[in-house]
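Input: a single structure, listed below in structure tokens.
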Amino acid sequence: MEQKERLTPYDDPDVQLMLRFQTGDVEAFQQLFHKYSPSVVNFAAHFLGTRARAEEIAQEVFLQVYRWQKRYEPKAKFSTWLFKIANNHCLNEVRKGEYRVPHESLEPLVDSQGDERERDLPDTNPGKGEEILAAKEAADRIQKILHRVPGNQRTALMLSRLEGMSYQEVAEVLGCTEKAVKSLVFRATQSLKEGLRDILNDHDL
Amino acid sequence: MTCETIRKELVAYRDGELLERDRAQIAAHLSTCAACAREEARLVRVSQLLTTLERVTPSPDFAATFWRRLEQEGQVERDSWFARWWREWLTGWQLMPALAGAASLLVFLSYVLSNRPPTTTTPSASPSALLKINVPAPVAEKPGLFVNYGIIADLDKLAHFDEVAALENAPQDASTLARTEDLPPALVENPNLFVHYPILEKMEQLQNFEAVLDLPAGEDEQRRG
């Protein structure tokens, strides 16, 4: 893999925020919470396939960050440390055996006013109904495939694709080598490719 | 490299995770092998389909629920309800409903208080001592924006209303105006929030605030850590 310039954890501004929090600056924690809670909720929701439980898990992740403030030692970027906690919480949740049923829908939530919150589908043209339906079907199928692949493959793929992490960062989250991450992402992608074969063939590939 | 080897590297190739030497080899192979090029196109399509996954966002009460859980666990040191509200305000997705509610409350209480009988109670602290605050320029220019601190205090401790209500007519001191960089970023981005800022500032910095709240001795020191 490409040799990149290795920065120290202390170069990460979010690590600096965590260190400020360690000295009692709660506002620094608020900034981290505000910045990362959407990503952690998104990660947990796709990992577990349940939106409601994902929010509880995300809150437990930040509770743990709060509790561990005094013991925190910067050994990696803050985001990789955070997602390591999030991944462990998600894996523990899966081990409880409550998520054997493939995947509940991540359909829009109904808010307290009874209105549906729209899904954040990317850049679809509202005039093209068929394309929207196709995109929705693809998203549902991807979610089901993701739910079937082993947890570490799922984590590697999601962090790499959805959170934009490098293989090195994913390796830090999973506590494995970059080579292992390369293999995990490859195998998860192969599963997706197989599961979406008909859609891919529709596009004359 | 064989086609089989190339295909095992294609995902990492697409992810930009290969050494330059390997990347160049694969690029050269793809330019001459139609089958591997089709495989690469499939991987590109898989990546595109992954972007159709919904980005799940936290529900509106996510932040508030989190801080409640934290308090229930006793993780948060006991601090004022103002500090808690301010924290949730900073992190909250519930900002707009909260502001709407506060605005309604202020309108209602302004009406009620404007009909209060005159009082003879003497303030417990001098106005100059009470005014050691940073006042945003837009607020200073339009004193009408100074929503009566007493309204808020009234909510918490009605019996002591008159001690703080004197602030309402206190003179402004231009030297105490805040600089933009001293203000919370959210406030700078949304100047409409200025109407609430002086309330928050006063509650944070008002010297006799704790006295108004009648905190038990010692708890104030504990709160300040």
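The values are calculated or read from the model by the stated rules, or taken from the named source; none is laboratory data. Bear in mind the structure is a predicted one, so any value in this text is a computation, not a measurement. So basically every Cβ, Gly included, is an ideal-geometry build from the backbone, and we count neighbours across all protein chains shown. Just the protein is used for accessible areas: all its heavy atoms, side chains included, with ligands, DNA and RNA removed. Shrake-Rupley method; radii C 1.70, N 1.55, O 1.52, S 1.80 Å.
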### Task
For the stretch A:16-33, state whether one or more residues are of a type in the set (Asp, Glu) and assigned to a helix (DSSP H, G or I).
yes
Flagged in the stretch B:1-17 as over 42 Å from the mean Cα position of the chain (by Cα) and within 11 Å of chain A (Cβ to nearest Cβ), in numbering order, are B:ARG7, B:LYS8, B:GLU9, B:LEU10
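Can you pull out the helices (runs of 4 or more DSSP H) entirely within the stretch A:129-205 that have at least 2 residues that are in contact (Cβ under 8 Å) with a residue 60 or more places away in the chain, small (Gly, Ala, Ser) and more than 11 Å from every other protein chain (Cβ to nearest Cβ)? First the steps, then the outcome.
Values: elements: A:129-148, A:151-161, A:167-174, A:178-195, A:197-202.
In the stretch A:129-205, there are no helices (runs of 4 or more DSSP H) which contain 2 or more residues that are in contact (Cβ under 8 Å) with a residue 60 or more places away in the chain, small (Gly, Ala, Ser) and more than 11 Å from every other protein chain (Cβ to nearest Cβ).
Wholly within the stretch B:1-78, which helices (runs of 4 or more DSSP H) include no fewer than the required count, namely at least 1 residues that are closer than 30 Å to A:PHE62 by Cα?
On the way: elements: B:3-14, B:20-30, B:34-50, B:62-72.
Here the list reads B:34-50, B:62-72.
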Of the candidates A:VAL173, A:VAL149, A:VAL185, the one satisfying the condition of being in contact with an Asp or Glu (Cβ under 8 Å, 6 or more places away or on another chain) and buried (at least 20 other Cβ atoms within 10 Å of the Cβ) is A:VAL185
Expected single match for within 16 Å of the chain's Cα centre (by Cα) and without any contact (Cβ under 8 Å) to a residue 24 or more places away in the chain among A:VAL41, A:VAL26 is A:VAL41
Checked the stretch A:32-70 for anything facing chain B (nearest Cβ under 9 Å), closer than 19 Å to A:GLN16 by Cβ and open to solvent by 30 Å² or more (accessible area, probe 1.4 Å); matches are A:HIS34
Picked from the stretch A:82-122 (must be open to solvent by 50 Å² or more (accessible area, probe 1.4 Å), among the hydrophobic types (A, V, I, L, M, F, W, C) and more than 16 Å from B:VAL56 (Cα to Cα)), the residue modelled with the lowest pLDDT is A:VAL101
Those residues of the stretch A:82-95 which are in contact (Cβ under 8 Å) with a residue 12 or more places away in the chain and within 21 Å of A:PHE29 (Cβ to Cβ) amount to A:LEU82, A:PHE83, A:LYS84, A:ILE85, A:ALA86, A:ASN87, A:HIS89
